[in-house]
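Below is one structure, written out as structure tokens; comments come after it.
The values are calculated or read from the model by the stated rules, or taken from the named source; none is laboratory data. Every value quoted in this text rests on a predicted model; they were computed, and no experiment measured them. FYI the Cβ positions are ideal-geometry reconstructions off the backbone, even for glycines, and counts take in every protein chain you see.
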Amino acid sequence: MDEHMSGDGLTMVPIGTDFPEIRDAVRAICKNFPGEYWRKLEDTGDYAKEFVQALTDAGFLSALIPESYGGSGLPLRAGGAILEEIHAMGCEGTSCHAQMYMMGMLVRHGTAAQKDKYLPDIASGKLRYQSFGVTEPTTGSDTLNLKTRAVRDGDHYVVNGQKVWTSRAKHSDLMSLLVRTTPSDQLKRRTDGLSVLLVDIREAVNNGLTIRPIETMLNHQTNELFFENLRVPVENLIGEEGKGFRIILDGMNSERILVAHESLGDARFFINKAVNYAKERIVFGRPIGQNQGIQFPLARAYAEWRSADLMARTGAALYQAGQPCGEEANLTKLLSAEAAWNAAEACLQTHGGFGVAREYDVERKWRNARMQRVAPISTNLILAYIAHGVLGLPKSY
Ligand SMILES: Cc1cc2nc3c(=O)[nH]c(=O)nc-3n(C[C@H](O)[C@H](O)[C@H](O)COP(=O)(O)OP(=O)(O)OC[C@H]3O[C@@H](n4cnc5c(N)ncnc54)[C@H](O)[C@@H]3O)c2cc1C
């Protein structure tokens, strides 16, 4: 056990020993954004721009950009530690987390010209790179079947199609967009034919791109996107034409590992909050936490959180070393989301009726923790990956 405790005033659960200065600094920022800030945003449907600005100013959103481009050049695990602390403090990293995982795509697969053009401005906060357009309404989880088409016309691609659930598109300057550059029936390999384009949203809106917000049970700033003859310069192609699926998979591994850290932070939030409440709430003349019906779900949630934390460290280390990490990224995402959800359930149940009172922030975090079992990848698809890709069972699709 580490004696470095979470500084959120709810100090039951120890936190990781790594990056203590970063964790302290993130928590110091988060203290300025308490539950009432997030509740008010839910009331108005507004984007957490003050919170994102504070993180940008402190350099946390450019943590993974190499120092030569103005970032901090930190490893993926440091990005995870930042997101974990944000969530352990009751804040929401979903307002800006994409910037961290998409950076890897640009850094690993972008041309020197693309990196020179974009990375310094992203690092300084002048440009926001928060949007990732993959999912489509008619194909969903079946990414290899996506339909949004980009056809070469001189030194441009002309894009037509539709995306759904493209988060933060209204609060981002740049977007990574996965498009089909070769029709499916002309492919030798099913995994070819897709390409990644860097779209400048500022130029695209009203010039072939329409963004329509989707109302959800969360304040997630997510949208439908419609493309009608949007022209994207060929120089904005990231990596090789037709090889975009591999680039996206690489990006998805870092996304899964980073987003899993948010769930680890959520689990800490719920366990801390529930344990403190269980000690203080007196019913039948004794603390409710004296009852094993209250204790055991919390003890189990704690055990699940600790195991998920170990897998997250493994996944992040493999990614950093450039080793294959698909299995670990998926296991990390699965275990963290499950640990957070079980902790959320235990926390809400521990609070009895107060669990659904908005001022406790339990129900807000509970709704957000639930989403981690659906997006960015649903639990079933992770289990299918483990079954087919790791255990070698026959493919179900
Ligand atoms: C709030 C929110 C934000 C999002 N942000 C983004 C974003 O920024 N960018 C982006 O590209 N996408 C985003 N997504 C999309 C998200 O990645 C998808 O919702 C998710 O991948 C599932 O796709 P789907 O909703 O189309 O479900 P479907 O693919 O229709 O699946 C529906 C259900 O069926 C199950 N299922 C489907 N096929 C199988 C199978 N073969 N075996 C077993 N079960 C199966 C799934 O697991 C799921 O439970 C977001 C989604 C949400 C809700």
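Looking across the range 169-196, the residues that are surrounded by fewer than 22 Cβ atoms within 10 Å (Cβ to Cβ), within 24 Å of Ser141 (Cβ to Cβ) and not acidic (Asp, Glu) come down to Thr181, Thr182, Pro183, Ser184, Gln186, Leu187, Lys188, Arg189, Arg190, Thr191. Do we have Ala25 as buried (at least 19 other Cβ atoms within 10 Å of the Cβ), small (Gly, Ala, Ser) and at pLDDT 95 or above here? When the stated conditions are applied, Ala25 does not pass them. Evaluate the range 372-395: report whether one residue or more is touching a Lys or Arg at 6+ places or on another chain (Cβ under 7 Å) and among the small types (Gly, Ala, Ser). There is no residue in the range 372-395 that is touching a Lys or Arg at 6+ places or on another chain (Cβ under 7 Å) and among the small types (Gly, Ala, Ser).
When every residue of the range 259-268 is checked against the conditions, none turns out to be surrounded by fewer than 16 Cβ atoms within 10 Å (Cβ to Cβ) and not assigned by TED's automatic domain parsing to the domain that holds Cys91. For the range 240-284, residues that are among the aliphatic types (A, V, I, L, M) and within 11 Å of the chain's Cα centre (by Cα) total 5.
I'd like the full set of residues that are in a loop (DSSP other than H, G, I, E, B) and either at negative phi or touching an Asp or Glu at 6+ places or on another chain (Cβ under 6 Å) (or both), limited to the range 213-245. Once the filter is applied, which keeps residues that are in a loop (DSSP other than H, G, I, E, B) and either at negative phi or touching an Asp or Glu at 6+ places or on another chain (Cβ under 6 Å) (or both), the range 213-245 yields Ile214, Glu215, Thr216, Met217, Leu218, Asn219, His220, Glu240, Glu241, Gly242. I'd like to verify a number: residues in the range 296-307 that are closer than 18 Å to Arg268 by Cβ and free of Cβ contacts under 8 Å to residues at least 40 places away in the same chain, how many? Summing the residues that are closer than 18 Å to Arg268 by Cβ and free of Cβ contacts under 8 Å to residues at least 40 places away in the same chain in the range 296-307 gives 5. Is there a residue in the range 104-123 that is under 30 Å from Leu187 (Cα atoms), touching a helix residue (DSSP H, G or I) at 6+ places or on another chain (Cβ under 9 Å) and basic (Lys, Arg)? The answer is yes, given that some residue of the range 104-123 is under 30 Å from Leu187 (Cα atoms), touching a helix residue (DSSP H, G or I) at 6+ places or on another chain (Cβ under 9 Å) and basic (Lys, Arg). Residue count for the range 338-397 under the criterion of being within 16 Å of the ligand (Cβ to nearest atom) and of a type outside the set (A, V, I, L, M): the result is 21. The helices (runs of 4 or more DSSP H) found wholly in the range 54-155 and carrying at least 3 residues that are modelled with pLDDT under 95, within 16 Å of the ligand (Cβ to nearest atom) and in the same structural domain as Tyr37 (by TED's automatic domain parsing) occupy 98-109.
So for the range 192-203 (the condition being within 16 Å of the ligand (Cβ to nearest atom), touching a strand residue (DSSP E or B) at 6+ places or on another chain (Cβ under 7 Å) and either of a type in the set (Phe, Trp, Tyr) or farther than 21 Å from Arg246 by Cα (or both)), does at least one residue qualify? Looking for residues that are within 16 Å of the ligand (Cβ to nearest atom), touching a strand residue (DSSP E or B) at 6+ places or on another chain (Cβ under 7 Å) and either of a type in the set (Phe, Trp, Tyr) or farther than 21 Å from Arg246 by Cα (or both), one finds at least one in the range 192-203, hence yes.
The rows are residues; the columns are (1) under 21 Å from the mean Cα position of the chain (by Cα); (2) in contact (Cβ under 8 Å) with a residue 12 or more places away in the chain; (3) in the same structural domain as Gly208 (by TED's automatic domain parsing); (4) not in a strand (DSSP E or B).
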| position | (1), (2), (3), (4) |
| --- | --- |
| Val158 | no, yes, yes, no |
| Lys170 | yes, yes, yes, yes |
| Leu177 | yes, yes, yes, no |
| Thr182 | no, yes, yes, yes |
| Lys188 | no, no, yes, yes |
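Scanning the range 197-217 for residues that are surrounded by 15 or more Cβ atoms within 10 Å (Cβ to Cβ) and in contact (Cβ under 8 Å) with a residue 24 or more places away in the chain yields a total of 8.
Condition (residue is surrounded by fewer than 24 Cβ atoms within 10 Å (Cβ to Cβ) and without any contact (Cβ under 8 Å) to a residue 24 or more places away in the chain) applied to the range 76-83: is it met by at least one residue? Scanning the range 76-83, I find no residue that is surrounded by fewer than 24 Cβ atoms within 10 Å (Cβ to Cβ) and without any contact (Cβ under 8 Å) to a residue 24 or more places away in the chain, so the answer is no.
Would you confirm whether or not the range 224-246 contains a residue that is of a type in the set (A, V, I, L, M) and within 30 Å of Ala339 (Cα to Cα)? Within the range 224-246, not a single residue is of a type in the set (A, V, I, L, M) and within 30 Å of Ala339 (Cα to Cα).
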